[in-house]
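Notes follow the structure.
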Amino acid sequence: MMVRTSANIINSKPNDDDGGDDDDESGLTNVPKIECCLIDESTHKLMDNVSNVDSIRLKAPISGVTKSISCTTEWCLATGGSGGIDDDDDNNLANKSRSNGSRMMLSNSSASLLKAKNYLHLYCHNLNHKNSAIGQSSSSFQQQISYDIEPMREHWDKKIEFLLAVIGFAVDLGNVWRFPYVCYRNGGGAFLVAYCTMLLFGGLPLFYLELALGQYFSSGCLTIWKRLCPIMKGLGYAICMIDIYLGMYYNTIISWSLYYLYESCQALVNYSLPWEDCNHPWNTDRCQTLEQRAATGMTNSIDGSSLLNQTMSTTSQFVSPAEEYYLNHVLQINQSPGIGSLGPIRWSLALCLMIVFIVVYFSLWKGVKSTGKAVWVTALMPYFVIIVLLIRATTLDGAADGIRFYLEPDWSKLLSINVWIDAATQIFFSLGPGFGTLMALSSYNKFHNNCYRDAIITSTVNCLTSFVAGFVTFSILGFMSKKLNKEISSVVADGPGLVFIVYPEAISTMYGSVYFSILFFVMLITLGLDSTFGGLEAMITALCDSYPRLLRRNREIFVAVLICFIYLCALPTTTNGGNYLINLLDQHGTAMPLLFIVFIETIAICWFYGSEKFSHQIKEMLGEKPGLFWRLCWRVFSPLFLGFISIASVTQLKPLTLGDYEYPHWSLVIGWIISLSSLSCIPIYGIYHYWNTPGDGFRDRLAKCFRPTIVSSMVSPGGIGIGSLPPETTDDGTKIAMTDHSMVNNEINAHGNEPIGDPV
């Protein structure tokens, strides 16, 4: 809920005869010393259950007051209306007052009072006059300022929940189905050199940057850009568009895993997995089991091409039962001639997709309180399954050959530019900057949380997970090649072809195959779920921060409406030809625009706003500035890193295909429209903001458009600060009081006094 506050300030000189309080711990002289408390309009007594010890600093443009006002007090949530409070309460308030150089904020313990939706008023009275009372008549006050403030932003219950949420978002299906193949294709162990280099100079600095941004401003991607560089707020809308496209197809892939899990559980009764043999209605004459193909010397049709692209080839003479199960039964893509004729909805997949979205809803509806509980399962379960599969896979016949094939270095590959492009692309999409998720998740951290350490830990865990997943993958591929008596290169695949064809077929030949199949698809589901949690939370946080009165108060309803909307948009991906649409959205909805968005984001932060300025703000949180290496990365290496990937992506752009199917030109036009729908948000909002910005001439208006609306910290160690005027206005008209310590210090210095100091 929003809280109505009023700042009532007595403008008077310090009185040496008032019996005390002559010393001002902040070093201010001839400045009114005031005490503040929150008072409920509805009742008349102090609330014993609320006690948060913090203070605020006000730079208030009040008539007759030319200097900054230092309000050095504890919170005191009191009940009382226009009639004021009694002397005992006033004395209790005065006894609690102290200076701690921090800012005032709402405490966690005020939650029960806030839920009652009472309007609270912030009253400040002059401590230099002991007889003054909070409830004095209006003639005792020079001026009253009123504005809405936000209640304290919720925080993660435990630090580990934040780490699990970030790890869960970063570690997704790509760690299992793409990294091992990319590593093998680019020189095995030699690729790790390029991968770690790109991590150090490109991926990790961007990862750290977004975590620090979200934590410092305690806001989502829309509000952050409004404060950092107002003309660039369109970046936030572009990110929200990408998150919608991601939700439209990524959850469908999770629903495939859920369908496989259901069939695996059915096998507990049927005693066989449905992709073990060729005796089903969906099988064709080309179907042969692993043993039959080994006897005839044939392999399956997986050709190891790019993401979402390899399960459609028809060049081989025989196919595996796992491939026909996936293509002809689960997707039924054989009944769709192309993207122009998607066919009917597969209601079994639509039901699985609905279940996925229901799980997502109940994990997001209460914010980090519910997400923090869900990630204990979704983030940790994959590691349990990976360990089990690693133990089993490395004991298979041929596993050693597969691991050797995976890691054997080909140092000559490092001379190829394509290896470095693949390394940069892999690390970028693996860590996931640009989706707004890192900002959103870190915005619920406490102000002084060590986000630098978090960035190191989570990015390291993400990369190690990819590396270990490669051991599982290539142990199984080595086992498959041994069974088929073929080279490992002939059975290598990535993307869905790996997890929905190669893995299921290999697992079906193991002892206890049903149980391993259940574990494997549980792993895929949990890998996907916490990634979709992050993508949708980024959009939810951004919109709730921009429209707090409408959306934050009604988060449960808003999340339900959003989930239903994305579910309806995702239904076409459950049709017979839904995979054509998924491939189109993957290429044009997320991958291509995301690179350019993060490139513009980095330029805006490090050049328009200023990396040095942001480094000083990180010092407010962590106590020290980022080192020279990080500042150089943000200003030089990260933009070059992103520009390198973007240029390579454009120059290597090829006609979109899915196996042997080539997309028609009209569908590619739709794809580019999808890409531009997100990218166009940036110039459209920029023009809108410029048009509505007053100023004297083009240059003056443009300068104002790029000027940040914040100079220093706006976020307190425990929540939203109350402070400098004028308050910020959100997109729904809510005015939020903010604190600007640089303005306070500058104002004091202008009058010959020492600054109060930074809130560290």
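See the values below:
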read-out	value
Sole exception among (1) at pLDDT 90 or above; (2) of a type in the set (Gly, Ala, Ser); (3) out of contact with any Leu (no Cβ under 8 Å at 6 or more places or on another chain); (4) at negative phi for Ala604, by number	(3)
Condition met for Ser475 (surrounded by 24 or more Cβ atoms within 10 Å (Cβ to Cβ), part of a helix (DSSP H, G or I) and out of contact with any Lys or Arg (no Cβ under 7 Å at 6 or more places or on another chain))	yes
Positions within the range 550-563 being assigned to a helix (DSSP H, G or I) and either free of Cβ contacts under 8 Å to residues at least 24 places away in the same chain or crowded, with 19+ Cβ neighbours inside 10 Å (or both), in sequence order	Leu551, Arg552, Ile557, Phe558, Val559, Val561, Leu562, Ile563
Among the candidates Tyr567, Tyr547, Tyr580, residue that is assigned by TED's automatic domain parsing to the domain that holds Tyr249, crowded, with 23+ Cβ neighbours inside 10 Å, of a type in the set (Phe, Trp, Tyr) and under 24 Å from Ser677 (Cβ atoms)	Tyr580
Lone qualifier among Ser341, Ser301, Ser320, Ser313 - being within 15 Å of Phe500 (Cβ to Cβ), surrounded by fewer than 22 Cβ atoms within 10 Å (Cβ to Cβ) and modelled with pLDDT under 95	Ser313
Matching residues, the range 607-639, being touching a residue at least 40 places away in the same chain (Cβ under 8 Å) and hydrophobic (A, V, I, L, M, F, W, C)	Phe608, Phe614, Ile618, Met621, Leu622, Trp630, Cys633, Trp634, Phe637
Hey, Thr284 at pLDDT 90 or above, under 30 Å from Trp347 (Cβ atoms) and surrounded by fewer than 24 Cβ atoms within 10 Å (Cβ to Cβ) or not	yes
Extreme residue, surrounded by the most Cβ atoms within 10 Å (Cβ to Cβ), among residues of the range 437-472 that are aromatic (Phe, Trp, Tyr) and more than 30 Å from Gly402 (Cβ to Cβ)	Tyr444
Ala542 vs. criteria buried (at least 24 other Cβ atoms within 10 Å of the Cβ), in contact with a Ser or Thr (Cβ under 9 Å, 6 or more places away or on another chain) and part of a helix (DSSP H, G or I)	yes
Search result, residues across the range 264-290 that are in contact (Cβ under 8 Å) with a residue 12 or more places away in the chain and either basic (Lys, Arg) or not in a loop (DSSP other than H, G, I, E, B) (or both)	Ser264, Cys265, Ala267, Leu268, Arg286, Cys287, Leu290
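The values are calculated or read from the model by the stated rules, or taken from the named source; none is laboratory data. None of the values given here were measured: they were computed from a predicted structure. In this analysis, Cβ positions are derived from the backbone assuming ideal geometry, glycine residues included, and neighbour counts consider all displayed protein chains.
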